[in-house]
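Input: a single structure, listed below in C-alpha cells.
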Amino acid sequence: MLIVGLGNPLMGDDGVGHAVVERLCRLLPQHHGVRAEYGDTDALRLPALWHGEEEVWLVDAVCSGALPGTIHRLDHEALLAAPQRHHHAHRLSLPESLRWIALGVTEMASVRYRFWGIEVHEVAPGEGLSPPVAAAAEYVASEIADRLA
C-alpha cells in the first residue's frame, strides 16, 4: 500500500496532504507493507513513487466551495470519473493525471486508488494550516490509520 500526500506545504492549506503523511509516519512508523510519501504538486510524479503496490491512497487539498475542513472521500471509480476542470493548459487535474498514468505506464493500469480531499480555507504563500484544515488533517490521518489496523 502506498499513501501519497499531494500539495505544497509552503502555500498554507495546500500543504494538507503533506501534513497527513507527516502524521501517518508518527502513527504508523513501522507498519508492514505501507509506505507514506510526499507527492508534491504534480500527480504525474506518482510513477516515480510507485513500487508495485496494488493500492494507492491519495490525500490532497480541494477547493470546491464547501466549508474549510470538509473531507471529501472518493473511491476508485468516482475519482477516475471526476471531470477535468482546466484552469489553464499546463496543468492536469488529479483524475486526468491518473487516467494518463494508466495509459502511459501500463504496469500501473490495474492500481486501485482511494482519495481523501480536504477543503481548504486559503492557499497563499506561508507555512502552516488554518485551524479547520489542521483538524481535518488529524482526522484523516486517524481514519487512514484505523483502516490499516
Q. Regarding P68, is this residue within 19 Å of E119 (Cα to Cα), touching a Pro at 6+ places or on another chain (Cβ under 6 Å) and either at pLDDT 95 or above or not in a helix (DSSP H, G or I) (or both)?
A. yes
Q: Would you be able to say whether some residue in segment 116-135 is within 16 Å of the chain's Cα centre (by Cα) and free of Cβ contacts under 8 Å to residues at least 60 places away in the same chain?
A: yes
Q: Working only within segment 28-58, note down all residues that are surrounded by fewer than 18 Cβ atoms within 10 Å (Cβ to Cβ) and part of a helix (DSSP H, G or I).
A: L44, R45, P47, A48, L49
Q) What number of residues in segment 122-141 are at pLDDT 95 or above and either of a type in the set (A, V, I, L, M) or crowded, with 20+ Cβ neighbours inside 10 Å (or both)? A) 8
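The values are calculated or read from the model by the stated rules, or taken from the named source; none is laboratory data. Please read these numbers as outputs of a predicted model, since none were measured by experiment. Quick reminder, even Gly has a Cβ in these numbers, built from the backbone with ideal geometry, and neighbours come from all protein chains shown.
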